[in-house]
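S.K.: Can you keep this structure in mind? I'll have questions shortly.
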Amino acid sequence: MSLDGILALGDAVQIRQYALYTAPFFIKETPIIGYMGTMELQFPNDRTQAGYARLLLELAPYLGIGAKTSLGAGGVTVKIS
């Protein structure tokens, strides 16, 4: 997927609702403020874009999301319905 395709996908996926709150994450006793919560997304009507969005979400539990994923941050659980 090209950079333009990724940007178009980011524009097409919509956040329907979310409930987030800040929470500390500790790295070697140093607190880093992150967030926890839930988010509901709406996929685009375009089947190709929806397929890419679903693939990225299915990979998220293995790859993590955001910064410091190599240090254990960015954990995510995905439920697709």
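S.K.: I'm trying to understand the selection: among the residues of the stretch 40-81, which are assigned to a loop (DSSP other than H, G, I, E, B) and touching a residue at least 40 places away in the same chain (Cβ under 8 Å)?
M.R.: Within the stretch 40-81, 68, 72, 73 qualify.
S.K.: Out of the residues in the stretch 1-17 that are loosely packed, with under 11 Cβ neighbours inside 10 Å and under 13 Å from the mean Cα position of the chain (by Cα), state the one that is farthest from residue 73 (Cα to Cα).
M.R.: 14
S.K.: Take residue 64 and tell me if it is out of contact with any Phe, Trp or Tyr (no Cβ under 6 Å at 6 or more places or on another chain) and either surrounded by 13 or more Cβ atoms within 10 Å (Cβ to Cβ) or among the small types (Gly, Ala, Ser) (or both).
M.R.: yes
S.K.: Taking residue 16 and the conditions (1) in contact with a Phe, Trp or Tyr (Cβ under 9 Å, 6 or more places away or on another chain); (2) of a type outside the set (Val, Ile, Thr); (3) part of a strand (DSSP E or B); (4) under 15 Å from residue 81 (Cα atoms), which numbered condition does it fall short on, given that it satisfies the others?
M.R.: The one condition residue 16 does not meet is (1).
S.K.: What are the residues in the stretch 1-39 that are in contact (Cβ under 8 Å) with a residue 24 or more places away in the chain and of a type in the set (D, E, K, R), if any?
M.R.: Of everything in the stretch 1-39, just one residue is in contact (Cβ under 8 Å) with a residue 24 or more places away in the chain and of a type in the set (D, E, K, R), namely 16.
S.K.: Does the stretch 43-56 contain at least one residue that is surrounded by 12 or more Cβ atoms within 10 Å (Cβ to Cβ), in contact with a helix residue (DSSP H, G or I) (Cβ under 7 Å, 6 or more places away or on another chain) and aliphatic (A, V, I, L, M)?
M.R.: yes
S.K.: Could you check, for the stretch 22-44, whether at least one of its residues is charged (D, E, K, R) and touching a Leu at 6+ places or on another chain (Cβ under 7 Å)?
M.R.: Checked against the condition, which is being charged (D, E, K, R) and touching a Leu at 6+ places or on another chain (Cβ under 7 Å), the stretch 22-44 yields no hits at all.
Read-outs throughout are calculated quantities, based only on the coordinates presented, and are distinct from any laboratory measurement. Since we're looking at a predicted model, the values are computed, not measured. Methodologically, a virtual Cβ is constructed for each residue, glycine included, from the backbone with ideal geometry; neighbour enumeration extends over all protein chains shown.
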